[in-house]
1. Assess whether A48 counts as being touching a strand residue (DSSP E or B) at 6+ places or on another chain (Cβ under 8 Å), modelled with pLDDT of 95 or more and not hydroxyl-bearing (S, T, Y).
2. Considering each residue of segment 20-36, count those that are at pLDDT 95 or above and over 10 Å from the mean Cα position of the chain (by Cα), and give that number.
3. Out of everything in segment 5-22 that is loosely packed, with under 13 Cβ neighbours inside 10 Å and not acidic (D, E), what residue ends up being nearest to A68 (Cα to Cα)?
4. Checking the condition assigned to a strand (DSSP E or B) and of a type outside the set (A, V, I, L, M), which residue from T9, T13 passes?
5. Among the residues of segment 23-57, write down those that are in a helix (DSSP H, G or I) and either hydrophobic (A, V, I, L, M, F, W, C) or surrounded by fewer than 16 Cβ atoms within 10 Å (Cβ to Cβ) (or both).
6. Is it the case, given these coordinates, that L60 is within 9 Å of the chain's Cα centre (by Cα), surrounded by 14 or more Cβ atoms within 10 Å (Cβ to Cβ) and at pLDDT below 95?
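The values are calculated or read from the model by the stated rules, or taken from the named source; none is laboratory data. None of the values given here were measured: they were computed from a predicted structure. For neighbour counting, all protein chains shown are included, and Cβ atoms are generated from backbone atoms with ideal geometry for every residue, glycine included.
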Amino acid sequence: MTMKLTSRTGSETTVMIVRETAKAILVKGNASEAWFPKRAIDADGRIADWFQFDLVHSFLFHAPYRPAA
């Protein structure tokens with residue numbers, strides 16, 4: 001299953017949902033995967049302003065998930 005994420009600056013990316021726990025979600029792009037707290041992503045896929053990106057989160061926007069052709 002895929003979802004679209006939008007950063008606080010308006011950048012969009014597509015990620016694949018790998019795993020979910022009660023409090024977090026693991027998503028994957030083509031170059032990295034990263035955990036996000038569920039409360040940091042709203043129902044429309046917008047990432048909260050308070051969430052601090054690590055390098056792996058940034059890679060999701062540089063290499064979004066694309067299924068193999």
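1. For A48, the condition - touching a strand residue (DSSP E or B) at 6+ places or on another chain (Cβ under 8 Å), modelled with pLDDT of 95 or more and not hydroxyl-bearing (S, T, Y) - is met.
2. Matching residues across segment 20-36 total 5.
3. Filtering first and then ranking leaves R19.
4. Result of the check over T9, T13: T13.
5. Answer for segment 23-57, where residues must be in a helix (DSSP H, G or I) and either hydrophobic (A, V, I, L, M, F, W, C) or surrounded by fewer than 16 Cβ atoms within 10 Å (Cβ to Cβ) (or both): K38, R39, A40, L55, V56.
6. Judged against the criteria, L60 is a match.
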